[in-house]
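Enquirer: Would you mind keeping the following structure in view while I ask a few things?
None of the figures in this text is laboratory data; all of them are computed from the coordinates on show. Keep in mind the model is a prediction, meaning the values are calculated, not measured. So basically every Cβ, Gly included, is an ideal-geometry build from the backbone, and we count neighbours across all protein chains shown.
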């Protein structure tokens, strides 16, 4: 990916390599099974913000990648609705495990 842009895709970011030609390949890892039609890759000028959520089976990491010009709107919307949404998912579908924070 070119300098100044971010790749927002499925998985956890494991490595970014800086090449001399200005490109930065990224390595993402998906630990749980995923349908190949659910794979997403977008490149643009994104801003990252995150948080944690106290899930039924432990702490979960929450990562949000938002187009830079929408950060203010996104923070207002996401922060207001995230806890209610995740609580309802866990109530109806069971504990969320795929976003679990890795601790040593």
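Enquirer: Most exposed first by the Cβ proxy, i.e. fewest other Cβ within 10 Å, how do 88, 9 rank?
Expert: Least crowded to most crowded, the residues run 88, 9.
Enquirer: Find the relative contact order for the chain and round it to a whole percent, using C-alpha pairs within less than 8 Å whose residues are 6+ positions apart.
Expert: 22 percent
Enquirer: Return 91, 24 ranked ascending by Cβ neighbour count within 10 Å, so the fewest neighbours appear first. Could the numbers behind the result be given before it?
Expert: On the way: 91 9, 24 16.
Ascending number of Cβ neighbours within 10 Å: 91, 24.
Enquirer: So what's the chain giving for Rg/Rh, alpha carbon basis, Kirkwood Rh from the mean inverse pair distance?
Expert: Working: Rg = 15.6 Å, Rh = 15.7 Å.
Using Cα coordinates only, the ratio equals 1.00.
Enquirer: Residue 83 versus residue 47, label points 7 Å from Cα toward the beta carbon: distance in nm?
Expert: Calculated label separation equals 2.3 nm.
Enquirer: Still on this model: Could you please rank 92, 79, placing first whichever residue has the fewest other Cβ atoms within 10 Å of its Cβ? Spell out each step's value before the answer.
Expert: On the way: 92 7, 79 12.
Going from sparsest to densest Cβ surroundings: 92, 79.
Enquirer: Would you kindly calculate the translational diffusion coefficient of the range 1-44, applying Stokes-Einstein with the Kirkwood radius from alpha carbon pairs, for 20 °C and a viscosity of 1.002 mPa s, and quote it in µm² s⁻¹ without decimals?
Expert: Translational diffusion coefficient: 187 µm²/s.
Enquirer: Quick one: helix 71-93 against the long Cα principal axis of the chain, what's the angle to the nearest 10°, folded into 0 to 90?
Expert: Helix 71-93 sits at roughly 50 degrees to that axis.
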